[in-house]
Structure formats: structure tokens, C-alpha cells
Amino acid sequence: MNTPHVLLVEDSNFMATKVVETLESAHEFVITTVSTADEARNALKNGSYDCMISNYELPDESGVELAESLDDPEIPSVPLIILTGRALEPLAREAIEAGVAEFVYKGDQATGEMDVLANRIRTVLLAHRAKTEL
């Protein structure tokens with residue numbers, strides 16, 4: 001597997017820095033960061049990404065609303081992981097219907113090596129590749 005290029009949509013500078021530093025150094029991902037859903041859509045249209053991680057609460061819309069907007073034919077299809085500090089259960093149904101591939105609880109990822117997040121990225125990448133090869 002080539003080094004995955006991940007688009008991170010996170011409006012907290014602290015969390016964005018932590019995710020980038022950890023995923024790049026401990027898990028060898030390449031991370032590009034934007035802070036709004038609008039910037040994420042533009043980045044997807046103009047760049048090449050394997051996966052996107054989005055905070056649930058963004059300044060301009062929710063991560064679920066971002067997921068719903070990605071069915072635009074001008075935007076390449078990439079799996080989306082929601083990273084949130086909210087309880088996951090109430091978000092699950094709406095997010096899955098919007099096309100979200102996975103969820104990761106932010107509280108568990110604020111410290112340490114972010115192994116859960118890295119594992120979810122690898123898992124959704126494998127599933128997405130298998131789906132697109134069919």
C-alpha cells in the first residue's frame with residue numbers, strides 16, 4: 001500500500017496539530033489540513049486524497065452535511081471518517097445514510113499514538129479500494 005494521503009477537516013488548531021504530528025510520525029500518513037467544509041470540497045476537487053477525516057462540528061456545517069455534499073460528480077469519491085467528541089450513537093444513523101464510512105471518538109485520540117484512528121483509516125482505505133475494483 002502506498003503512503004495514504006489524508007485530508008483532515010478540523011477547525012481546532014490544537015487538535016489538527018496533534019492529529020497531523022501523530023499520524024505522520026507514528027503511522028507514516030501524509031496529512032493536509034483545512035478548517036471548513038467548503039475548504040474540504042475545494043481541496044478534494046483540486047488535490048488527490050485517499051481518505052478524509054472530518055470533525056463533526058465545523059464552522060460552516062456539520063461533518064454529516066459535508067458527507068451529504070460529496071455526491072457531486074466534480075468531487076472524487078473518498079471514504080470519510082467522522083472524528084467527534086460527541087456521543088457516537090445518536091449520530092450513527094444519519095451519518096451512515098449520508099455516506100460516512102467510520103466514526104472515531106475524539107476523546108480517545110487526544111493523547112497517545114492514535115492507533116484507533118490510524119487503524120480506521122487503513123480499514124476504510126482497504127474497503128474503498130475493494131469496492132472501486134469491483
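The values are calculated or read from the model by the stated rules, or taken from the named source; none is laboratory data. Keep in mind it's a predicted model, so treat the numbers as computed, not measured. For neighbour counting, all protein chains shown are included, and Cβ atoms are generated from backbone atoms with ideal geometry for every residue, glycine included.
Yes/no per residue for (1) surrounded by fewer than 20 Cβ atoms within 10 Å (Cβ to Cβ); (2) in contact (Cβ under 8 Å) with a residue 12 or more places away in the chain; (3) not aliphatic (A, V, I, L, M):
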| position | (1), (2), (3) |
| --- | --- |
| E28 | yes, yes, yes |
| T36 | yes, yes, yes |
| S48 | yes, yes, yes |
| M52 | no, yes, no |
| N55 | no, yes, yes |
| L58 | no, yes, no |
| E65 | yes, yes, yes |
| I75 | yes, yes, no |
| P79 | no, yes, yes |
Subset of segment 80-100 that is under 22 Å from S12 (Cβ atoms) and in a loop (DSSP other than H, G, I, E, B) - its residue that is farthest from the chain's Cα centre (by Cα): A87
Segment 40-67, residues that are under 23 Å from Y105 (Cα atoms) and more than 14 Å from the chain's Cα centre (by Cα): P59, D60, E61
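Just to check your reading of the model, which residue among T132, T123, T111 is polar (S, T, N, Q) and at pLDDT 90 or above? Give the derivation first.
Details: T132 fails: at pLDDT 90 or above; T111 fails: at pLDDT 90 or above.
That would be T123, the only listed residue that is polar (S, T, N, Q) and at pLDDT 90 or above.
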Is it the case that some residue within segment 20-37 is modelled with pLDDT under 90, among the aromatic types (F, W, Y) and in contact with a strand residue (DSSP E or B) (Cβ under 9 Å, 6 or more places away or on another chain)? no
Total residues in segment 21-54, condition in contact with a Phe, Trp or Tyr (Cβ under 9 Å, 6 or more places away or on another chain) and part of a helix (DSSP H, G or I): 2
Residue match in segment 55-68 (condition: modelled with pLDDT of 95 or more, in a loop (DSSP other than H, G, I, E, B) and either under 16 Å from L125 (Cα atoms) or among the β-branched types (V, I, T) (or both)): no
